[in-house]
Amino acid sequence: MLGKQSIQFGKKPYIISSASIVGSKEAEGPMGELFDKVGYDDSFGAENWEEAESRLQKEALEIALSKAGLTRQDLQMVFAGDLLGQSIASSFGLAGYQLPHIGLYGACSTCGLSLTMGSAMVSAGFVEKAACITSSHFASAEKEFRFPLSYGNQRPKSATWTVTGSGAFLVSSQPGKQTRAVIEGVTVGKIVDYGVKDSMNMGACMAPAAADTVEQHLADFGREPEDYDRIITGDLGLVGQQLLFDLLARKNIDITRQHMDCGIEIYDSEKQHTDAGGSGCGCSAVVLSAYILKKIEEGIWKRVLFLPTGALLSKTSYNEGQSIPGIAHGVVLEHYHG
């Protein structure tokens, strides 16, 4: 342990492969050419949206394994999660692999949570290779948390658009033929609740947790924002980004020069009418695989703090009038020097 909430790995794990698969809207965005696969009808050949999301995870893992020249038999454990009730996208999508499966739920922070758990198990020597996978789907998330698409409800400007996509990452105790990054350590987030109850303003719900984890991470590692090429949140969007800056300014922490948000970058909000930006488990996952790891692998960025954020609500808690707590998990990614 390092400080109050962080772990600095003595034996650093490696991300040896990754894959991203997205829907049609994501393919039309600024990063469209970087994703490994696109499903242009968003159904991915499935009969319903939940089955479509399951196929996202299955295909993402297949692509990641193929890139690394590995098979499912080379994996010892899978860490996976999604936004749906009882994580059915993960369980139905990955059941056929017949691998030890650890289901995770961190809402939209699940990509960071899966990498945290997977890298800890690999660093400790319990497994040699693990897969970390997560997904989201616009239509399945709308049905789960808001309104059926046929309802045609209006969206406020603070709303974010759930990304249709899945990211899969292979974490190994040894470098691979194409090592994408080294995982130096992690900061496990706390549940932070500022009493926000607006499910159409995810940025406001999650920004306090992001600020809390950033502050604690810098204290635990004894670092300044300038020690990172980028500090990257998962899906705060335009509203949440400004709140993050304001909350950190109260602590005399300025990350405005280093900050990037996956939800802001994945869409062109004006042309694609995505309001405050993107969100969902798949948002940070596909941007990490397609864009962030590319920059790290090429050595353009030497060290990045990857910080997916999650809003811990359910239909039940929301309908009972409960507030929406947030959480954010930090993963330190570094360039591999060989």
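Any read-out appearing in this document is the output of simple, stated calculations on the displayed coordinates, not a laboratory observation. Only a predicted model underlies this, so the values are computations on that prediction, with no experimental measurement involved. Every residue, glycine as well, gets a Cβ built from its backbone with ideal geometry; the counts of neighbours run over all protein chains shown.
For the chain, with the dipole built from +1 on Lys and Arg beta-carbon atoms and -1 on Asp and Glu ones, taken about the Cα centre, which of A27, G222, C262 lies farthest toward the positive end?
Final value for the positive-end residue is G222.
At what distance in angstrom do the alpha carbon centres of the range 1-68 and the range 222-240 lie from each other?
If we compute the Cα centre of each part, the gap is 21 Å.
Which helices, taking whole DSSP H runs in the chain, have alpha carbons extending 20 angstrom or more along the helix axis plus mean Kyte-Doolittle at least -0.5? The partial results should precede the final answer.
Details: long enough: 49-68 (29 Å, -0.64); 202-221 (28 Å, 0.40).
What comes out of the filter, once short or polar helices are dropped, is 202-221.
Which ³J(HN,Hα) values, rounded to whole Hz and listed in residue order, are derived for the range 18-31 from phi using the Karplus coefficients 6.51, -1.76 and 1.60 in 6.51 cos²θ - 1.76 cosθ + 1.60 with θ = phi - 60°, glycine and proline given as x?
Result, rounded to whole Hz: 7, 8, 9, 9, 9, x, 5, 5, 5, 5, 7, x, x, 9.
Give me the aspartates and glutamates in straight-line cross-link reach of K197: C-alpha distance below 14 Å, same-chain residues under 8 apart excluded.
Counting by Cα, and skipping residues close in sequence, K197 has these aspartates and glutamates nearby: E320.
Taking only Cα atoms and a 10 Å spring cutoff, compute GNM fluctuations for the chain and point out the largest among G45, G29, G310.
G45
How large is the dipole of the range 182-334 about the Cα centre if only Lys and Arg carry +1 and Asp and Glu carry -1, each at its Cβ, rounded to the nearest 20 debye?
Working: 13 positive and 22 negative charges, 31 e Å.
Computed charge dipole of the range 182-334: roughly 140 debye.
Output wanted: per-residue J couplings in Hz (rounded whole) for the range 302-315, from phi through Karplus 6.51 cos²θ - 1.76 cosθ + 1.60, θ = phi - 60°, x for Gly and Pro.
Going residue by residue, I get 8, 8, 10, 9, 9, 9, x, 10, x, 9, 8, 10, 9, 4 Hz, with x marking Gly and Pro.
Multiply the residue gap between E320 and R223 by 0.36 nm, knock off their C-alpha separation, and tell me the result in nm, one decimal place.
Values: separation 97, 0.36 × 97 = 34.92 nm, distance 4.13 nm.
Answer, rounded to one decimal: 30.8 nm.
Please identify, among S20, S279, S314, the residue showing maximal mean-square fluctuation in a Gaussian network model of the chain using a 10 angstrom Cα cutoff.
S314
Lysines within cross-link reach of K12: Cα-Cα under 21 Å, excluding same-chain residues under 8 positions apart?
Within reach: K4, K129, K177, K294, K295, K302.
Stretched out fully, how many nm does the piece from R250 to E270 gain, at 0.36 nm a residue minus the Cα gap?
Values: separation 20, 0.36 × 20 = 7.20 nm, distance 3.09 nm.
Result for the pair: 4.1 nm of gain on full extension.
Between I266, I21, I253, find the one with the highest GNM mean-square fluctuation for the chain; connect C-alpha pairs within less than 10 Å.
Of the options given, I253 has the highest mean-square fluctuation.
Count the DSSP beta bridges whose two residues both fall in the range 182-334, then state the antiparallel fraction as a percent rounded to the nearest 5.
On the way: 13 of 20 bridges.
The antiparallel fraction comes to roughly 65 percent.
Could you size up the charge dipole of the chain around its Cα centre, putting +1 on the beta carbon of Lys and Arg and -1 on that of Asp and Glu, and report it in debye to the nearest 20? Mind dumping the intermediate values first?
Working: 29 positive and 39 negative charges, 130 e Å.
Around 620 debye, computed over the chain.
Along the charge dipole of the chain, pointing to its positive end and built from +1/-1 on Cβ of Lys, Arg, Asp and Glu, which listed residue (S284, S317, M77) has its Cα farthest out?
Value computed over the given set: M77.
Neighbouring Cβ atoms within 10 Å as the yardstick, rank E144, E33 fewest first. Mind dumping the intermediate values first?
Numbers: E144 18, E33 8.
With the fewest neighbours first, E144, E33 line up as E33, E144.
Taking only C-alpha pairs under 8 Å that are 6+ residues apart, what is the relative contact order of the range 6-172 in percent?
Numbers: 318 pairs, mean separation 53.1, N = 167.
Reported relative contact order: 32 percent.
Sorting check: for 299-308, 281-290, 267-276, 226-235, which peptide has the highest mean count of neighbouring beta carbons within 10 Å, and how do the rest follow? Can you show the working numbers first?
Details: 299-308: 21.5, 281-290: 33.8, 267-276: 17.5, 226-235: 23.3.
Result, highest mean first: 281-290, 226-235, 299-308, 267-276.
Points 7 angstrom from Cα along the Cβ direction at K190 and E47: gap in nanometres?
Simple spin-label model gives 4.8 nm for this pair.
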